[in-house]
Amino acid sequence: MIYSLCLLLILVGLYGVVASRQTVKIVISLVIMQHGVHLLLLLIGYREGGSPPIVDSGQALTSFAGLSVDPLPQALVLTSIVIGLGVLALMVALCVRLYERYGTFDVTEIRRLRG
Amino acid sequence: MGDFDMFGVDIRTLVPLFVAVPLAAALLIQLITRERQLLSGWLTNVTMLSLVLMSCLAIGGSALYHLGGWPSPIGIDLRLDNLATLMLLVINTVGLAVSLYSMDYMRRYTATGHFYSLFLLMVTGMNGVVLAADLFNLYVFLEVAAVASYSLVAFGCAHEELEASFKYIVLGSLSSALILVGVALVYGITGTLNMTQMATRVAETGMDAPLLLAFALFICGFSFKAALVPFHAWLPDAHPAAPAPVSAMLSGVLIKAIGVYVLARLAFNVFGAGDSELSLLRWLGIVSMITGGLLAAGQNDIKRLFAYSSISQIGFIVLGLGLGTPLGLVGALYHLVNHALFKSLLFLNAGTVEYATGTRDLRKLGGLNQALPVTGATSLIGSMSIAGLPPFNGFWSKLIIVLACVEAGYYGFAIVAVLVSIVTLAYQLKVQRTAFFAALPKELPALLSKPGREPRLMSLAMILLAIGCLAMSLVVLGGLRDPWLIGAAQQTLSAGPF
Amino acid sequence: MTTERQPGMSMIVRTVTRWLKGPILLFGIYIVLYGHITPGGGFGGGVIIACAFILIMLALGAQHGLRLFSIGVASRLDSAGLLLFLVIGWLGTGWASGYFFANFITTPPEAWFTLFSGGTMPAMNIALGLKVASALFLVFTVLTALKIAATPADEGAG
């Protein structure tokens, strides 16, 4: 059931990308979509009643592996968040530059390339 | 599976250097030489030359490199096998030619230190994608290459470049999100990210519905990267608008390294695709071929024409991949190498034309054979290769793909492939006729006497690629063919642990 | 108390920032250094360090912030951080197990879970923290505080 909420978030982001008229809104919708994907990835690593994936001193590794949630998706999501940050910075810089050149944030007016 | 290649050198130590060396060079350029154009240019060229030498050393070898010493399912692996060697050689050779070219071409731009850093970062990403042995590192290196390419497309900050880059980055991020959902699904189903282990688990359970969904998501995501129709919308804007060396890298290697290569790996080595999944690839290939070819014929902008032609040729490659037979794979990989060479050559030619005349419009160009002799000669070689005229390399690879279609029983596809080749010939002849062989138009009278219109390093790069095209046409005669192409094809076909 | 317009935000925000910039920076450094024991490490700690400088820039004015951490320094620290990371990784190839990013400093089991355990990991965390902090600060500064010139400027990402 909760996976469908993640899917809803992804679809909301996708709708935003497709239907937005402004470049900044497209960027925000992409960020929402990426958040949805990260949540999905995190939830896949969840275990009912699991403990956070931090090894206490003196804890044996086998009991740790039996108790904690899966740490691998958390590492993947961390990496993906940082990648998303880099792409976001680039997109925002592009939006700023586009405004400088075309004078508008409106995607329907930024249309010099055709054919 | 030894770690030594045919020269007896231990290539296990070489494997991480393919990723570490261009990354270190990119950072050094940022630190030390950013203001000094010439030094950063030479550093880039030296790096690319060393990468080419390393790729040559790696031919015929295979190695599995465990990062950090951690054993296989736990740790991150880098794997070098025949297909990876093929891709590495293609990426680094085209990269060397392009970096030679950009020494002269990028003089017209400012902040070229950043250009060389971004270029080396893109090469790092592509080398990493080719060497990665687990799915998430493949995604990370893919993003490195993609972000570098988004920046490079927007490099000159002119109107068209920014607009094209924005379109590219939005569609690219969308496809990366799709790919990440696919990775999440596959991890949830198989419990591992290591591609070897994933292949064994997929072989045990078979392609049930969730895995099929993941496979479909991967095909959607990577078809965006490979610019297959209907996911091609960014390419005709991004490739023409970018500076010429960037267009050559993008069209020549990037869409193959992060698109076609990953599709081949996933379809054959990881998912062990059966005929129903491969038929999807075949149809994508056919539709791309036809659409790209027809849309290219109506263009007046040289680079836009070449961009649509790239879509068409990638369609050929993916059709060959989708056939699934050894002959089809050999044809597809051979065409991949050929297309990398002649498409980057054609884009560099278009760049030289734009550098010398200031326009890309076919209706305004003419007489370039007299004005730009090296460009004229190399573009003739490139055009004849891509059109598939014997005895150039394009002819042999297209012939192999057509024969593979006939052998597998898809006569309709074979006929379509031949027809699309004729269309390719038509629009390449149009370019040659109007731009190169026609008389010099009235608007470009001073061109014949303009000094420095064809700088030496740009000519050298184009000549290198043309020699590469001619050399690849000799590959068919055996000798080099066997360890390289056939080995790569067999590697790709063998599903399961490798 | 002066009534002229000062750069940055209101008096309350400026005072609180002057008190808080030290603890925020210290917290960020703590997260980076203890990255092998507690969650965080290079990425998270680097973001917090960058946030300290961004807060200074927002509250006390762009000039003040740039005087503390100029763009040239940030750019050089950015590349130097990642180069340091690569060098530490490459050093792993010279040692016994001979792989990139191998952890060649071993710690005895008594020293586990303390600050000076973990081998090369704290060093790599520090390098990453430097890189992420300067990169994020650079992104923020270039996007907001610079007058956009006619020539193409660099992107802060990557």
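The values are calculated or read from the model by the stated rules, or taken from the named source; none is laboratory data. Model, not experiment: these values are computed from the prediction. Using ideal geometry, Cβ is built from the backbone for each residue, glycine included, and neighbour counts are taken over all protein chains shown. Remember, those area values only see protein heavy atoms, side chains included, never the ligands or the DNA or RNA. Shrake-Rupley method; radii C 1.70, N 1.55, O 1.52, S 1.80 Å.
Sort out which residues of region A:74-113 are away from chain C (no Cβ under 14 Å) and either in contact with a Leu (Cβ under 7 Å, 6 or more places away or on another chain) or touching a residue at least 12 places away in the same chain (Cβ under 8 Å) (or both), and write them in order of number. A:Phe105, A:Asp106, A:Val107, A:Thr108, A:Ile110 - these are the residues of region A:74-113 that are away from chain C (no Cβ under 14 Å) and either in contact with a Leu (Cβ under 7 Å, 6 or more places away or on another chain) or touching a residue at least 12 places away in the same chain (Cβ under 8 Å) (or both). Residue under question is C:Ile54, and the condition is that it be farther than 26 Å from B:Ala24 by Cβ, more than 8 Å from chain B (Cβ to nearest Cβ) and modelled with pLDDT of 85 or more; does it hold? When the stated conditions are applied, C:Ile54 passes them.
A single member of B:Leu57, B:Leu86, B:Leu100, B:Leu28 is away from chain C (no Cβ under 14 Å), open to solvent by 30 Å² or more (accessible area, probe 1.4 Å) and either closer than 24 Å to B:Ala466 by Cα or more than 18 Å from the chain's Cα centre (by Cα) (or both), and it is B:Leu57. Taking region B:152-161 only, how many residues are within 8 Å of another protein chain (Cβ to nearest Cβ) and either within 22 Å of the chain's Cα centre (by Cα) or crowded, with 23+ Cβ neighbours inside 10 Å (or both)? The total comes to 2.
Can you confirm whether A:Gln22 is open to solvent by 30 Å² or more (accessible area, probe 1.4 Å), within 14 Å of A:Val77 (Cα to Cα) and not hydrophobic (A, V, I, L, M, F, W, C)? Judged against the criteria, A:Gln22 is not a match. Of all residues in region B:163-183, those satisfying the criterion of being within 7 Å of chain A (Cβ to nearest Cβ), in contact (Cβ under 8 Å) with a residue 40 or more places away in the chain and under 16 Å from B:Val153 (Cβ atoms) are B:Glu163, B:Ala164, B:Ser165. With respect to A:Pro53, is the statement that it is surrounded by fewer than 20 Cβ atoms within 10 Å (Cβ to Cβ) and in contact with a Phe, Trp or Tyr (Cβ under 9 Å, 6 or more places away or on another chain) true? The answer is yes for A:Pro53. Counting only residues that are in contact with a Phe, Trp or Tyr (Cβ under 9 Å, 6 or more places away or on another chain), surrounded by fewer than 22 Cβ atoms within 10 Å (Cβ to Cβ) and within 14 Å of chain A (Cβ to nearest Cβ), region B:194-223 holds 1 of them. Counting the residues of region B:308-317 that are among the hydrophobic types (A, V, I, L, M, F, W, C) and either in contact with a Ser or Thr (Cβ under 7 Å, 6 or more places away or on another chain) or open to solvent by 10 Å² or more (accessible area, probe 1.4 Å) (or both) gives 2. Right, B:Leu88: outside any helix (DSSP H, G or I) and closer than 30 Å to B:Thr200 by Cβ or not? So B:Leu88 does not fit the description; no.
When B:Gly41 is tested against (1) within 12 Å of chain C (Cβ to nearest Cβ); (2) over 23 Å from B:Tyr261 (Cβ atoms), just one condition goes unmet, and that condition is (1). If the condition is being at negative phi and assigned to a loop (DSSP other than H, G, I, E, B), then region B:272-311 contributes B:Ala273, B:Gly274, B:Gly298, B:Gln299, B:Asn300. Checked against the criterion of being part of a helix (DSSP H, G or I), exposed (fewer than 13 other Cβ atoms within 10 Å of the Cβ) and out of contact with any Gly (no Cβ under 8 Å at 6 or more places or on another chain), the candidates A:Ala65, A:Ala75 yield just one match: A:Ala65.
Within region B:112-144, the set of residues being farther than 14 Å from B:Phe18 by Cα and within 14 Å of chain A (Cβ to nearest Cβ) comprises B:His114, B:Leu118, B:Asp134, B:Leu135, B:Phe136, B:Asn137, B:Leu138, B:Tyr139, B:Val140, B:Leu142, B:Glu143, B:Val144.
Here B:Gly113, B:Gly60 are screened, and the one residue that is modelled with pLDDT of 85 or more and not basic (Lys, Arg) is B:Gly113. Within region A:78-96, the set of residues being open to solvent by 10 Å² or more (accessible area, probe 1.4 Å) and farther than 16 Å from B:Val170 by Cα comprises A:Leu78, A:Thr79, A:Ile81, A:Val82. Count of region B:154-212 residues, restricted to those that are farther than 16 Å from A:Ile83 by Cα, of a type in the set (Ser, Thr, Tyr) and part of a helix (DSSP H, G or I), is 7. Based on this model, can you work out whether C:Gly156 counts as open to solvent by less than 60 Å² (accessible area, probe 1.4 Å), within 23 Å of B:Ile11 (Cα to Cα), at pLDDT below 65 and not in a helix (DSSP H, G or I)? Criteria not met by C:Gly156.
In region A:3-38, how many are assigned to a helix (DSSP H, G or I), touching a Phe, Trp or Tyr at 6+ places or on another chain (Cβ under 9 Å), in contact (Cβ under 8 Å) with a residue 12 or more places away in the chain and more than 10 Å from every other protein chain (Cβ to nearest Cβ)? Matching residues across region A:3-38 total 1. Do you know which residues across region B:114-136 are polar (S, T, N, Q) and in contact with a strand residue (DSSP E or B) (Cβ under 8 Å, 6 or more places away or on another chain)? Within region B:114-136, no residue meets the criteria.
Assess whether A:Tyr15 counts as being of a type in the set (Phe, Trp, Tyr) and at pLDDT 90 or above. Yes.
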